[in-house]
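K.L.:
Quick one: the structure is below, and I'll ask about it shortly.
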Amino acid sequence: MLGFRKAPAQSAWLSLALCIKKQMENYVNHLNGSCLCGKVKFKLNSEIRNVVNCHCNFCRSHSGAAFSTYVALPHSALEITSGHDSLHSFQIRGVKKHFCRECGTPIFNLNDKYPGACMVYFGTFERSRDIFPQVNVWCESRLGWIDSLPSLTSVGRGVEEKARLG
Ligand SMILES: [Zn+2]
Ligand SMILES: [Zn+2]
């Protein structure tokens, strides 16, 4: 009986594993992104290898955010599918930032330190909710308040809601 019971359980696990594998394949094969105005669109033709939070001062200035989250992958795997004319770049200190000149959204960086790789800005992905960072780098420059984010007053939407709640 025990063996009989085990068989369906293993089968269920196998089904689940296959289902997850299929989802991951779909996920990898259909990872698209775009800028805010929608002129520049891209897709990734590669597995996602590294999703990184970088807390360095340079990334802070580069992105305009408290820290920068990006997907690192081979540059050859990034395919710009539309908006080539809108994609402009700015180079500083060995980093070439590519952005949409219509809406200003940063799309990806090339860094002389990592030849052949590109760093795609996390916020440009359609399915950013499905992508999870794996590592924090340059933590010696990390802003102190980032560790206390969960303890901040948090509301579902904008500051208007905060004002209403008092
Ligand atoms: Zn744009
Ligand atoms: Zn950085």
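K.L.:
Given the structure, is residue 88 closer than 21 Å to residue 31 by Cβ and away from ligand 2 (no atom under 12 Å from the Cβ)? Steps first, answer last, please.
P.N.:
On the way: closer than 21 Å to residue 31 by Cβ: no; away from ligand 2 (no atom under 12 Å from the Cβ): yes.
No, not satisfied.
K.L.:
Looking at the stretch 77-95, is at least one residue closer than 30 Å to residue 147 by Cα, within 16 Å of ligand 1 (Cβ to nearest atom) and surrounded by 15 or more Cβ atoms within 10 Å (Cβ to Cβ)?
P.N.:
No, the conditions are met nowhere in the stretch 77-95.
K.L.:
Give me a count of the residues in the stretch 35-91 that are polar (S, T, N, Q) and touching a Gly at 6+ places or on another chain (Cβ under 8 Å). Steps first, please.
P.N.:
Narrowing the stretch 35-91 to residues polar (S, T, N, Q): 45-46, 50, 53, 57, 61, 63, 68-69, 76, 81-82, 86, 89, 91.
Keeping just the survivors that are touching a Gly at 6+ places or on another chain (Cβ under 8 Å) gives 69, 76.
Residues in the stretch 35-91 being polar (S, T, N, Q) and touching a Gly at 6+ places or on another chain (Cβ under 8 Å): 2 in total.
K.L.:
Cβ-Cβ distance below 9 Å, separation of 6 or more or different chains: which pairs start in the stretch 75-91 with a residue that is closer than 20 Å to residue 62 by Cα and end on one that is among the small types (Gly, Ala, Ser) and surrounded by 13 or more Cβ atoms within 10 Å (Cβ to Cβ)?
P.N.:
Matching pairs, first to second residue: 75/117.
K.L.:
Next question, about the same structure. Can you tell which of 73, 36 is touching a Cys at 6+ places or on another chain (Cβ under 7 Å), away from ligand 1 (no atom under 16 Å from the Cβ) and modelled with pLDDT of 65 or more?
P.N.:
Values: 36 fails: away from ligand 1 (no atom under 16 Å from the Cβ).
On inspection, the qualifying residue turns out to be 73.
K.L.:
Let me ask something else about it. Kindly list the number of the only condition in (1) over 23 Å from residue 31 (Cβ atoms); (2) within 11 Å of ligand 2 (Cβ to nearest atom) that fails for residue 94.
P.N.:
Among (1) over 23 Å from residue 31 (Cβ atoms); (2) within 11 Å of ligand 2 (Cβ to nearest atom), the lone unmet condition for residue 94 is (2).
K.L.:
Could you tell me which residue of the stretch 34-64 is nearest to ligand 2 (Cβ to nearest atom), considering only residues that are in contact with a Leu (Cβ under 8 Å, 6 or more places away or on another chain), assigned to a strand (DSSP E or B) and touching a residue at least 60 places away in the same chain (Cβ under 8 Å)?
P.N.:
Selected residue: 50.
K.L.:
Right, next: Any residue in the stretch 132-149 that's at positive phi: show its pairings with residues that are outside any strand (DSSP E or B) and surrounded by 10 or more Cβ atoms within 10 Å (Cβ to Cβ) at Cβ separation under 6 Å, as long as the two are six or more apart or on different chains.
P.N.:
138/55; 138/56
K.L.:
Within the stretch 119-166, restricting attention to residues that are out of contact with any helix residue (DSSP H, G or I) (no Cβ under 8 Å at 6 or more places or on another chain) and among the basic types (Lys, Arg), which residue is nearest to residue 42 (Cα to Cα)?
P.N.:
Once the filter is applied, the top-ranked residue is 129.
K.L.:
Moving on. What is the one condition in (1) β-branched (Val, Ile, Thr); (2) surrounded by fewer than 17 Cβ atoms within 10 Å (Cβ to Cβ); (3) in contact (Cβ under 8 Å) with a residue 40 or more places away in the chain that residue 107 does not satisfy?
P.N.:
Condition (2) is where residue 107 drops out.
K.L.:
List the strands (runs of 3 or more DSSP E) inside the stretch 65-166, counting only whole elements, that have at least 3 residues being under 22 Å from residue 37 (Cα atoms).
P.N.:
Filter on the stretch 65-166 gives 68-74, 78-82, 87-92, 95-100, 106-111, 117-121.
The values are calculated or read from the model by the stated rules, or taken from the named source; none is laboratory data. Treat the numbers as computed from the prediction; the structure is a model and nothing was measured. Here the Cβ is made from the backbone with ideal geometry for all residues, glycine too, and neighbour counts use every protein chain on show.
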